[in-house]
Amino acid sequence: MTISWDDASAIAAAVRAGRSRAASIVDDTLARIARDDGRYNAFTHVLADQARKDAARVDGEIAAGREPGPLAGVPFAVKNLFDVAGLTTLAGSKINRDNPPARADAAVVQALRAGGAVLVGTLNMDEYAYGFTTENTHYGPTRNPYDLARSAGGSSGGSAAAVAAGLVPLSLGTDTGGSIRVPAALCGLFGLKPTFGRVSRVGTTLFSATVDHVGPLARSVRDLALVYDLLPPADAVGPAHHTPALPALGKGIAGLRVALAGGYFQEFAEPDAVAAARRVAEALGARSEVTVPHATAARAAATIITGVEGSSLHLASLRKRPADFDPMTRDRFIAAALLPGAAYLRAQAARRMYRDTVCALFADIDVLVAPTTPTAAPLIGQEAVSISGTTFPSRAHLARFTIPFSIIGLPVISVPVSTPGPLPRGVQLVAAPFRESLLLQAAAFLESKKVVGFTPPAKLSP
């Protein structure tokens with residue numbers, strides 16, 4: 001039977017009901033990757049043999065009358081900073097090629113495979129997750145499926161491009177300053193950054209220990225929720241904070257208190273980005289705009305914190321193998337390593353103050369709405385973007401609206417929207433800590449009303 005390549009829920013339902021076989025789904029997926037990925041450069045490694053074995057195991061479970069898991073037979077791929085047993089975890093770097101293969105899957109990879117999903121490969125990213133465009137010096141740039149001359153975003157660019165291009169229906173990424181949400185927005189996908197600490201990072205190569213988040217990218221809210229409900233919690237997070245999202249999807253939004261973020265979150269953005277956020281906020285019933293104080297300071301603090309924490313992990317390699325880094329990554333790590341300790345402490349103090357201020361807003365609202373990125377996808381190699389007569393570095397500017405929510409660990413979902421232009425954009429829905437189910441509920445309402453979801457001018461050929 002024919003099953004839509006972008007619908008994980010439909011694939012799992014068909015496999016579980018015996019209308020299709022996981023082996024056939026995986027064979028089709030591997031053939032599609034072999035045929036099409038040369039255009040996108042999303043994959044760094046394809047696990048054909050392992051995927052076929054896993055698919056055969058799922059089919060065997062079903063034949064034996066056993067429960068195969070909620071994602072039975074669904075292909076997925078992961079950013080190449082997640083450990084995969086038997087593979088060297090590259091994390092987008094040249095230096096990591098010399099490391100031994102991982103002995104076990106990362107906790108999140110284990111969880112999805114235990115839920116019946118079939119891992120088909122690992123995905124391209126910015127080196128050590130330090131970037132927003134996946135223009136990787138060592139493995140080449142990942143291209144946006146809607147315009148191959150443009151960036152897929154980053155640092156989880158391969159994770160977004162693989163789903164947007166129809167190579168897999170689901171992927172996993174990480175988000176430090178926007179690395180799930182930026183590529184989700186530029187590639188027309190739903191992307192979820194859960195609350196900081198909600199999802200286990202065991203077996204994940206870190207960039208910034210106090211900011212890194214793990215989350216999924218998908219074509220629909222239901223698929224996003226299916227994955228979210230399987231993701232294992234971090235050891236410090238109790239069961240009270242792991243509320244299943246799927247049951248909430250059909251509940252509607254009666255009584256939801258929504259506000260549009262103004263000020264900083266509308267400045268230095270293209271008009272289409274702000275208009276999209278306003279349209280989403282109004283569809284959710286927003287009646288007000290709120291100012292998020294100190295967002296500029298929060299972004300500055302985040303730059304110091306992530307740079308210092310990231311560089312500390314690579315000091316030995318910076319001393320011994322500086323030429324083997326991407327030059328931009330190396331120079332930013334060196335600059336951060338030279339910062340005085342007092343700067344890091346002040347940045348952490350600013351972070352705490354900002355978190356208290358923003359969390360206080362959620363006494364009066366449930367969901368805050370803001371653009372995900374100020375612009376649509378930039379051209380690969382583009383160094384600057386001009387907005388309202390002001391010029392910005394194009395890569396760094398992409399994360400202007402995502403960083404202030406990352407640094408304080410709030411849950412955020414980026415939802416895709418269509419605008420008059422040919423490229424997708426994203427809008428962020430933000431909530432108080434551990435309210436992922438509420439965000440997915442709101443996103444599902446928007447999806448049901450066709451307020452969100454990107455329809456390309458010319459349909460991609462899967």
Worksheet item: Is it the case that residue 398 is farther than 21 Å from residue 175 by Cβ, surrounded by 12 or more Cβ atoms within 10 Å (Cβ to Cβ) and in contact with a Gly (Cβ under 8 Å, 6 or more places away or on another chain)?
Response: no
Discussion item. Tell me whether the stretch 259-268 contains one or more residues that are part of a loop (DSSP other than H, G, I, E, B) and touching a residue at least 60 places away in the same chain (Cβ under 8 Å).
Written reply: yes
Fill in: Residue among 278, 299, 222 that alone is part of a helix (DSSP H, G or I) and surrounded by fewer than 20 Cβ atoms within 10 Å (Cβ to Cβ)
278
Worksheet, complete the sentence: Condition set outside any strand (DSSP E or B) and in contact (Cβ under 8 Å) with a residue 40 or more places away in the chain, scope the stretch 281-296, selection nearest to residue 401 (Cα to Cα): answer is 295
Item to complete: Would you confirm whether any residue within the stretch 117-132 is out of contact with any Lys or Arg (no Cβ under 9 Å at 6 or more places or on another chain), assigned to a loop (DSSP other than H, G, I, E, B) and either among the basic types (Lys, Arg) or crowded, with 24+ Cβ neighbours inside 10 Å (or both)?
Response: yes
Worksheet item: Does the stretch 164-173 include one or more residues that are assigned to a strand (DSSP E or B), closer than 26 Å to residue 301 by Cα and in contact (Cβ under 8 Å) with a residue 60 or more places away in the chain?
Response: yes
Worksheet item: Looking at the stretch 133-145, which of its residues are part of a strand (DSSP E or B) and among the polar types (S, T, N, Q)?
Response: 136, 144
Fill in: Residue in the stretch 352-372 that is among the polar types (S, T, N, Q), within 30 Å of residue 274 (Cβ to Cβ) and in contact with a strand residue (DSSP E or B) (Cβ under 6 Å, 6 or more places away or on another chain) present
yes
Worksheet entry | Residues of the stretch 226-275 satisfying the condition of being modelled with pLDDT under 90 and either under 23 Å from residue 296 (Cβ atoms) or in contact with a Phe, Trp or Tyr (Cβ under 7 Å, 6 or more places away or on another chain) (or both) | 241
Fill in: Residue that is in contact with a helix residue (DSSP H, G or I) (Cβ under 6 Å, 6 or more places away or on another chain) and assigned to a loop (DSSP other than H, G, I, E, B), where the choices are 87, 71
71
Worksheet item: Taking the stretch 414-458 as the region of interest, how many residues are out of contact with any Asp or Glu (no Cβ under 7 Å at 6 or more places or on another chain), crowded, with 24+ Cβ neighbours inside 10 Å and basic (Lys, Arg)?
Response: 0
Practice prompt. Scan the stretch 347-369 for residues that are touching a residue at least 24 places away in the same chain (Cβ under 8 Å) and either surrounded by fewer than 17 Cβ atoms within 10 Å (Cβ to Cβ) or farther than 17 Å from residue 404 by Cβ (or both) and jot them down.
Written response: 348, 353, 355, 357, 359, 364, 366
Worksheet item: Before we move on, is residue 158 in a loop (DSSP other than H, G, I, E, B), within 19 Å of the chain's Cα centre (by Cα) and at pLDDT 95 or above?
Response: no
Worksheet item: Within the stretch 27-34, is even one residue in a helix (DSSP H, G or I), touching a Phe, Trp or Tyr at 6+ places or on another chain (Cβ under 9 Å), surrounded by fewer than 19 Cβ atoms within 10 Å (Cβ to Cβ) and free of Cβ contacts under 8 Å to residues at least 60 places away in the same chain?
Response: yes
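The values are calculated or read from the model by the stated rules, or taken from the named source; none is laboratory data. Everything quoted here is computed from the prediction, not taken from an experiment. Positions of Cβ are backbone-derived with ideal geometry, glycine not excepted, and every protein chain shown enters the neighbour counts.
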